[in-house]
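Chemist: Please read through the structure below; I'll follow up with questions.
Only the coordinates and a few stated rules stand behind these numbers; no lab work does. On a predicted model such as this, the values are computed, not experimentally measured, just so you know. Neighbour counts run over all protein chains shown; Cβ positions are idealised from the backbone, glycine included.
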Amino acid sequence: MLGEVGPEVLRLTAAARFANGPVQSDDGLHWDVTALHRHALDGLRTAAARAPGGLVSVGIDSWAVDYGLLRGGRLLAEPFHYRDEHRNEAGPRQVHAQVAPAELYARTGLQFLPFNTVYQLASDARLADADRLLLVPDLLAHWLTGAEVAERTNASTTGLLSVTTGAWDDALIVSLGLPRGLFADLVDPGTTIGTLLPEVGEAVGAPGLPVVAVGSHDTASAVVGVPMSGDDAAYISLGTWGLVGLELDAPVLTEAARAANFTHEGGVDGTIRFLTNVMGTWLLSETLRTWGRDDLGALLAAAADVTRRVTVFDVQDPRFVAPGDMPARIAAWCDEHDVPAPADAPSLVRSIVESLAAAYAAALATAADLSGRTIRQVHVVGGGSQNALLCQALADRTGLPVVAGPVEATALGNVLVQGRAAGAVRGTLEDLRALVVRTQDLRRHEPRTRAWKDAEL
Ligand code: LRH
């Protein structure tokens with residue numbers, strides 16, 4: 001994405017878009033990060049050619065938890081993909097035999113997700129050959145600059161960072177038998193990681209371009225781009241996941257928070273994302289993939305016309321995490337729970353939408369209970385914010401206004417942090433978000449029910 005940032009300007013144009021799917025190999029599910037790197041360089045070349053006064057900097061973000069293992073600066077193999085059912089079974093068992101889940105939570109504040117980096121490492125045979133671990137954005141930054149760093153927001157998703165100090169938890173790393181030298185020095189968003197290696201700068205037409213750390217965890221950048229203010233707003237960063245929660249400045253490390261699986265991920269400017277991972281648009285995209293269709297808009301329009309009551313199923317059932325035939329899995333869930341399975345495509349899509357909205361409403365209620373905050377407004381950002389049927393269902397189920405947008409919150413959060421580092425904009429997150437409000441298209445969905453929690457969940 002090419003971004004333009006100034007005191008009254010915040011604009012993005014896409015320089016390149018490309019697919020990014022899992023690749024199945026004998027030893028498990030992988031990412032094709034080499035292809036991502038190639039596409040990213042193509043995008044950078046296009047952006048550099050289009051930027052009127054040349055590029056000022058580049059910042060990298062991606063999904064969290066996944067990593068490349070290197071030896072002597074070279075990647076040993078394509079990174080594993082976190083949606084691998086088999087790997088996700090083995091890791092937690094091994095780690096919990098060494099350190100109890102309650103202790104992990106007390107030290108790191110991280111929700112239990114079977115694919116947190118700490119669990120993936122426990123079952124990674126390549127570890128013995130590696131001398132460096134870099135999370136995906138850090139790996140790309142390494143290829144661009146030669147530097148090896150660990151950007152702090154994304155590092156917080158490894159399960160190896162202390163929630164109290166924000167530093168690597170050395171004692172935990174040692175007690176899990178992991179080599180401390182594997183983990184690079186931490187850097188904060190806004191820091192310059194390095195400049196493009198001469199051959200990279202030549203190839204993309206931007207010699208000497210600085211690579212600046214941003215919230216390299218996509219959700220950290222997305223939350224920078226949430227047009228919220230005050231402490232009564234909640235957000236849902238809605239992509240393949242629905243990341244539902246609040247921004248806090250102090251952790252809530254209670255047993256209730258652990259039981260509800262609420263996490264404390266590191267945010268930009270030392271903020272804490274107190275949220276839980278709920279299923280996201282993955283259910284819809286895998287359903288369409290199974291059907292061989294790509295007309296989500298038409299299906300949502302048909303789903304909006306469904307007047308029969310549809311089944312609300314548990315979108316958090318682990319069976320929905322891995323790639324596969326979602327319509328069959330949803331039907332199996334309904335059979336097992338003695339409820340009617342949706343009979344046709346529009347009903348199934350409506351059932352997914354209502355089930356997601358119900359899960360988000362429940363997670364918002366839990367976030368409010370656990371933090372003691374009152375939620376008066378819900379922001380939905382990311383690709384899923386374009387799903388008006390879902391946003392309205394959420395407004396109706398919570399009884400709260402839902403503000404949808406921006407769609408590209410992650411890219412906006414990324415360029416805002418770069419813009420601030422370059423001195424093009426100033427201020428706190430509150431100021432950056434005010435710029436989002438002044439410049440971006442937002443859509444408001446008013447609730448059609450009376451009050452919070454009145455709606456049937
Ligand atoms: C969203 C996301 C989320 C993580 C998951 C692995 O893209 O980064 O915040 O939990 O991917």
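Chemist: Largest first and in whole Å, what are the equivalent-ellipsoid semi-axes of the range 5-68 based on the Cα gyration tensor, each being the root of 5 times an eigenvalue?
Modeler: Over the Cα atoms of the range 5-68, the semi-axes work out to 30, 13, 10 Å.
Chemist: Using DSSP to define loop residues, name the trypsin sites (Lys or Arg not before Pro) in the range 16-89 whose beta-carbon has at most 15 other beta-carbon atoms within 10 Å.
Modeler: Taking the range 16-89 and a limit of 15 other Cβ atoms within 10 Å, the loop trypsin sites (Lys or Arg not before Pro) found are Arg17.
Chemist: Tally Lys/Arg at +1 and Asp/Glu at -1 over every other residue whose Cβ is under 13 Å from the Cβ of Val149; what's the total?
Modeler: So the surrounding residues net to -3.
Chemist: Hey, what's the Kirkwood Rh for the chain if you take every pair of different alpha carbons, in angstrom?
Modeler: With all distinct Cα pairs of the chain included, I get 22.6 Å.
Chemist: At R0 = 41 Å, how high is the FRET efficiency between Ala422 and Ala100 if r is their beta carbon distance? Nearest 0.05 is fine.
Modeler: After rounding, the FRET efficiency stands at 0.35.
Chemist: In addition: Please figure out what share of the DSSP beta bridges in the range 2-216 is antiparallel and state it in percent, rounded to the nearest 5.
Modeler: So the antiparallel bridges in the range 2-216 amount to around 85 percent.
Chemist: Could you tell me which residue out of Gly59, Gln94, Ile193 lies farthest along the dipole of the range 2-216 toward its positive end? Charges go on the beta carbon: Lys and Arg +1, Asp and Glu -1, centred on the Cα centre.
Modeler: Gly59
Chemist: Okay, moving on. Can you work out the Karplus-derived ³J(HN,Hα) for every residue in the range 348-353? Use 6.51 cos²θ - 1.76 cosθ + 1.60 with θ = phi - 60°, whole Hz, and x for glycine or proline.
Modeler: For the range 348-353, the Karplus-derived couplings read 5, 5, 5, 5, 5, 4 Hz, x marking Gly and Pro.
Chemist: Regarding the range 2-216, what are the three Cα extents along the principal axes, ordered largest first, in Å?
Modeler: Ordered largest first, the range 2-216 gives principal extents of 56, 40, 30 Å.
Chemist: Let me ask another. When a/c reaches 1.5 or more, the comparison of a/b and b/c decides; with that in mind, is the range 310-359 rounded, prolate or oblate per its Cα gyration tensor?
Modeler: Verdict is rounded for the range 310-359.
Chemist: Magnitude of the Cβ-charge dipole of the chain, K/R +1 and D/E -1, about the Cα centre, nearest 20 debye?
Modeler: The dipole magnitude comes to about 720 debye.
Chemist: What is the spread of the Cα atoms of the range 196-343 along each of their three principal axes, largest first, in whole Å?
Modeler: That gives 60, 46, 27 Å along the principal axes, largest extent first.
Chemist: Let me ask something additional. Assuming R0 = 25 Å, can you tell me the calculated FRET efficiency for the pair Thr439 and Ala49, based on Cβ-Cβ distance, to the nearest 0.05?
Modeler: 0.55
Chemist: Helix-only mean residue ellipticity at 222 nm, the chain, DSSP H runs n ≥ 4 weighted -39,500 (n - 2.57), per residue, nearest 500. What is it?
Modeler: Value at 222 nm, helices only, nearest 500: -11500 deg cm²/dmol.
Chemist: Next question, about the same structure. In whole Hz, what ³J(HN,Hα) sequence does the range 170-187 give by Karplus (6.51, -1.76, 1.60; θ = phi - 60°), x for Gly and Pro?
Modeler: 4, 5, 5, 4, 5, 5, 8, x, 8, x, 4, x, 5, 9, 7, 5, 7, 10
Chemist: Taking each pair of distinct Cα atoms in the range 365-445 once, what is the resulting Kirkwood hydrodynamic radius in Å?
Modeler: 14.0
Chemist: Under 5 Å between amide hydrogens, which residues at least 5 positions from Gly194 or on another chain qualify, with H placed 1.01 Å from N in the peptide plane?
Modeler: When sequence neighbours closer than 5 places are left aside, the close amide H contacts are Val211.
Chemist: Amide H to amide H, which residues 5 or more places from Val187 or on other chains are under 5 Å from it, using H placed in the peptide plane?
Modeler: Ala150, Glu151, Arg152
Chemist: Can you tell me what the convex hull of the Cα atoms of the range 183-281 projects to on average, as an area in nm²?
Modeler: Seen from a random direction, the Cα hull of the range 183-281 projects 9.0 nm² on average.
Chemist: Where both residues lie in the chain, what percent of DSSP beta bridges are antiparallel, nearest 5?
Modeler: 75
Chemist: Now, a different point. Considering amide H positions built from the backbone, and no H for Pro or chain starts, which residues 5 or more places from Val380, or on another chain, come under 5 Å of its amide H?
Modeler: For Val380, whose amide H was placed from the backbone, the distant partners under 5 Å are Ile236, Val403, Ala404, Gly405.
Chemist: Also: Rank these for me by crowding, Glu85, Glu430, going from fewest to most other beta carbons within 10 Å.
Modeler: The most exposed by this proxy come first: Glu430, Glu85.
Chemist: Run through the DSSP bridge list for the range 219-457 and note the antiparallel percent, rounded to the nearest 5.
Modeler: About 70 percent, rounded to the nearest 5.
Chemist: Take the Cα pairs of the range 219-457, get the Kirkwood Rh, then feed it into Stokes-Einstein at 25 °C and 0.890 mPa s and tell me D in µm²/s.
Modeler: Estimated via Stokes-Einstein, D reaches 134 µm²/s.
Chemist: Checking the a/c ratio against 1.5 first, then a/b against b/c, what shape does the Cα gyration tensor give for the range 127-235?
Modeler: oblate
Chemist: Hey, if you put +1 on the Cβ of every Lys and Arg and -1 on every Asp and Glu Cβ in the range 2-216, which of Ser123, Val204, Val136 ends up farthest toward the positive end of that dipole?
Modeler: Val204
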